[in-house]
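Reviewing the structure listed below.
FYI, it's all coordinate maths here, none of it is from the lab. Just so it is clear, the model here is predicted, and its values are computed rather than measured. Neighbour counts are summed over all protein chains in view; Cβ atoms, including those assigned to glycine, are modelled from backbone coordinates with ideal geometry.
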Amino acid sequence: MRRTMKRGLIALCFLLAACRQDMHDQPRYKPLAYSAFYDDHRSARPIPEGTVARGPLRVNDVFYSGKKDDEPITEIPVPVTKELLERGENRFNIYCTPCHSRLGDGEGMVVQRGFSHPPSYHTDQLRDAPIGHYFDVITNGLGAMHSYAVRVEPKDRWAIAAYIRALQLSQNAQLSDVPPEQRDELMRNK
C-alpha cells in the first residue's frame with residue numbers, strides 16, 4: 001500500500017511538472033495585427049534595408065514568363081545549342097510524349113487509352129505560334145493539360161520549347177530548306 005502511494009505521488013509530480021504553460025501563454029502578435037507598442041501600430045516590422053531574399057532571384061521576367069508586355073515572345077531567350085536541343089528532347093520524351101507522342105502529333109499512349117486528344121504540333125496554327133506560347137503552356141497549362149511549372153524548371157521549359165520547334169521543322173521539311181551545298185550530299189545518300 002505504501003509503495004503504491006509513493007508511485008502515485010511520483011506520477012502526480014511528473015504530471016504537474018508537465019503542465020507548464022510558459023510557451024503557450026507567452027505574449028505574441030498575430031501577423032499584421034494592431035500593436036500599441038510601436039508608433040506605426042504595426043506588429044509586423046518592416047524588412048531591414050539590405051536584407052537578402054531567399055530563393056531564386058527572378059530578374060529576367062521574359063525568361064520566367066515567356067512574355068514581353070503580356071505578349072508571347074518570338075525568340076528563345078537562351079542560346080540554342082546542340083546540348084539545349086538534346087536536353088529538350090530528353091525532357092520532352094519524359095513529360096510530353098505520353099500525350100503528344102514522340103512525333104508531336106497528339107497520338108501518345110494516354111490518348112490511345114481514351115484520354116482527350118492534344119493538338120498536333122504540326123498544324124499551321126501551332127507552327128506559326130510564337131515560341132513564348134509553348135513556354136507559357138508548359139508553365140500554366142491549357143485545356144486538359146496541367147501546369148508543369150513545379151515539375152519542369154524554366155531552363156528545361158525553354159529546352160522543350162526549342163525541341164518542339166525543331167520537331168516541327170523536321171516533320172515539315174522541304175528539300176528547298178536544305179542549303180544548296182548540302183543538297184547534293186543528301187541526294188547521294190537517298
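Obtain the nm distance between the two label points defined at Glu86 and Arg45 by a simple spin-label model: each point lies 7 Å from its Cα along the Cα-to-C-beta direction.
Placing both labels 7 Å along Cα→Cβ, they lie 5.2 nm apart.
Using the alpha-carbon atoms, what tilt in degrees (0 to 90, nearest 10) does helix 2-17 show relative to the longest principal axis of the chain?
Helix 2-17 sits at roughly 60 degrees to that axis.
Under a plain spin-label model, where a point goes 7 Å from the Cα along Cα-to-Cβ, how far apart in nm are Leu57 and Gln174?
Placing both labels 7 Å along Cα→Cβ, they lie 4.8 nm apart.
Name the residue farthest towards the positive end of the dipole of the chain from the options Ser35, Leu9, Val78, assuming +1 on Cβ of Lys and Arg, -1 on Cβ of Asp and Glu, about the Cα centre.
Leu9
Within 10 Å, count the other beta carbons around each residue, average over each peptide in 64-75, 96-107, and list them highest first.
Highest to lowest by the protection proxy: 96-107, 64-75.
Compute the angle between helix 82-95 and the longest alpha-carbon principal axis of the chain, please, reported from 0 to 90 degrees and rounded to the nearest 10.
60
If each residue of separation counts as 0.36 nm, what is the full-extension length gain between Arg127 and Gln182 once their alpha-carbon separation is subtracted? Could you put the intermediate results ahead of the total?
Values: separation 55, 0.36 × 55 = 19.80 nm, distance 2.47 nm.
Result for the pair: 17.3 nm of gain on full extension.
In nanometres, what is the gap between the two model label sites at Tyr38 and Val110, each 7 Å from Cα along Cα-to-Cβ?
Modelled inter-label distance: 4.6 nm.
Enumerate the lysines that Lys155 could reach by cross-link, defined here as Cα to Cα under 30 Å, with residues fewer than 8 away along the same chain left out.
Filter leaves Lys67, Lys68, Lys82.
Starting from the Cα-Cα distance between Asn189 and Thr74, subtract it from 0.36 nm times their residue separation and give me the gain in nm to one decimal.
37.9 nm
For a quick protection proxy, order the peptides 38-49, 145-156 by their average other-Cβ count within 10 Å, most packed first.
Most protected by this proxy first, the peptides run 145-156, 38-49.
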